[in-house]
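First up is the structure itself, then whatever we jot down about it.
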Amino acid sequence: MGKPTAEASVRLTIKAKPRASQSRITAVDGLNIEARLAAPPVDGAANAELLRLLADALRLRGSALRLVGGQTSKHKVVEITGLSAAEIGERLNRAAAGGRSP
């Protein structure tokens with residue numbers, strides 16, 4: 001028997017803008033996105049809100065997303081498992097076009 005294969009992951013680069021009136025994805029350029037977050041950048045609230053927003057937009061469980069860079073920066077990196085880069089791009093574009101997560 002062969003070894004189990006690790007599930008591939010995709011990394012998104014995000015420019016986060018906290019303290020917005022509502023959380024939404026505002027721009028998508030490939031795997032680079034811009035997001036406005038209703039949460040303040042205090043005690044990880046904005047990071048948690050970003051992961052929630054992305055999970056909703058991508059229709060994934062929160063456990064499929066992991067913040068891997070930029071914990072205290074506006075520029076963040078999120079690793080996603082369970083979808084291809086093409087599926088992620090399509091779902092994020094759909095969410096941005098609607099001005100909110102689906």
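The values are calculated or read from the model by the stated rules, or taken from the named source; none is laboratory data. Note that the structure is predicted; figures quoted are calculated from it, not measured. Here the Cβ is made from the backbone with ideal geometry for all residues, glycine too, and neighbour counts use every protein chain on show. Note: accessible area is taken over every heavy atom of the protein model, side chains too, but ligands, DNA and RNA are not part of it. Shrake-Rupley method; radii C 1.70, N 1.55, O 1.52, S 1.80 Å.
Points worth noting:
- Some residue of the stretch 57-65 being of a type in the set (D, E, K, R), under 11 Å from the mean Cα position of the chain (by Cα) and either in a strand (DSSP E or B) or more than 16 Å from GLY89 (Cβ to Cβ) (or both): no
- Meets criteria (in contact with a strand residue (DSSP E or B) (Cβ under 7 Å, 6 or more places away or on another chain), surrounded by 14 or more Cβ atoms within 10 Å (Cβ to Cβ) and assigned to a loop (DSSP other than H, G, I, E, B)) for ALA20: yes
- Every residue from the stretch 27-48 that is open to solvent by 40 Å² or more (accessible area, probe 1.4 Å) and in a helix (DSSP H, G or I): ALA48
- Residues of the stretch 66-89 that turn out to be out of contact with any Gly (no Cβ under 7 Å at 6 or more places or on another chain) and not in a strand (DSSP E or B), as a count: 12
- Restricting the first member to the stretch 59-76 and to residues that are surrounded by fewer than 13 Cβ atoms within 10 Å (Cβ to Cβ) and among the polar types (S, T, N, Q), and the second to residues that are assigned to a strand (DSSP E or B) and at pLDDT 95 or above, the beta-carbon pairs closer than 9 Å and six or more apart or on different chains are SER63/THR81; SER73/ALA16.
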